[in-house]
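Remarks on the structure that follows.
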Amino acid sequence: MTQYFLTIPHDTAEEPTMESMQEMDPAELEAMMAAVERFNTELNEAGAFVHAGGLHPPSTAITVDATGGEPKRTPGPFVDATEYVGGFWIIEAADEAAALTWAEQCSAALQSRIEVRALQENPE
């Protein structure tokens, strides 16, 4: 089966964090967390779950470049963008249609857009 990378886009101007999520309406936050938990349970029960995680915002990034003689560490992301990946799932799905169905469920749970991309297969 192919693995797919489901990502959650966030607005760079907002940089939501776990702390800022606490500012949400408690009932809305609880409903979203419950919906995500149901989604994760369904992924696990279907054998589609591989890994998931949330990322700290780009302002916390350090870009490392060791392609030259001396390694360089530069504070910040490697690219300036209006949006960034805030979290992700890696799932296994039989095909793109199945991955898109999972992404639709994820989008509904989070009330957010979800980007879907297949991971490259190992060369034979």
Worksheet item: Quick check, is T101 surrounded by fewer than 16 Cβ atoms within 10 Å (Cβ to Cβ), closer than 19 Å to P9 by Cα and either among the hydrophobic types (A, V, I, L, M, F, W, C) or at pLDDT below 90 (or both)?
Response: no
Practice prompt. Filter segment 1-37 down to the residues that are surrounded by 12 or more Cβ atoms within 10 Å (Cβ to Cβ), of a type outside the set (A, V, I, L, M, F, W, C) and closer than 20 Å to Q105 by Cα, then identify the one that is modelled with the lowest pLDDT.
Written response: H10
Worksheet item: Does any residue in segment 99-122 that is without any contact (Cβ under 8 Å) to a residue 12 or more places away in the chain come within less than 7 Å, Cβ to Cβ, of a residue that is surrounded by 12 or more Cβ atoms within 10 Å (Cβ to Cβ) and among the hydrophobic types (A, V, I, L, M, F, W, C) six or more places away or on a different chain, and which pairs are these?
Response: S107/I114
Worksheet item: Got at least one residue in segment 61-69 being touching a residue at least 40 places away in the same chain (Cβ under 8 Å), under 29 Å from E14 (Cβ atoms) and β-branched (V, I, T)?
Response: no
Worksheet item: Within segment 43-78, which residues are aromatic (F, W, Y) and assigned to a loop (DSSP other than H, G, I, E, B)?
Response: F78
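The values are calculated or read from the model by the stated rules, or taken from the named source; none is laboratory data. Model, not experiment: these values are computed from the prediction. Note that we place each Cβ from the backbone using ideal geometry, even for glycine, and neighbour counts take in every protein chain shown.
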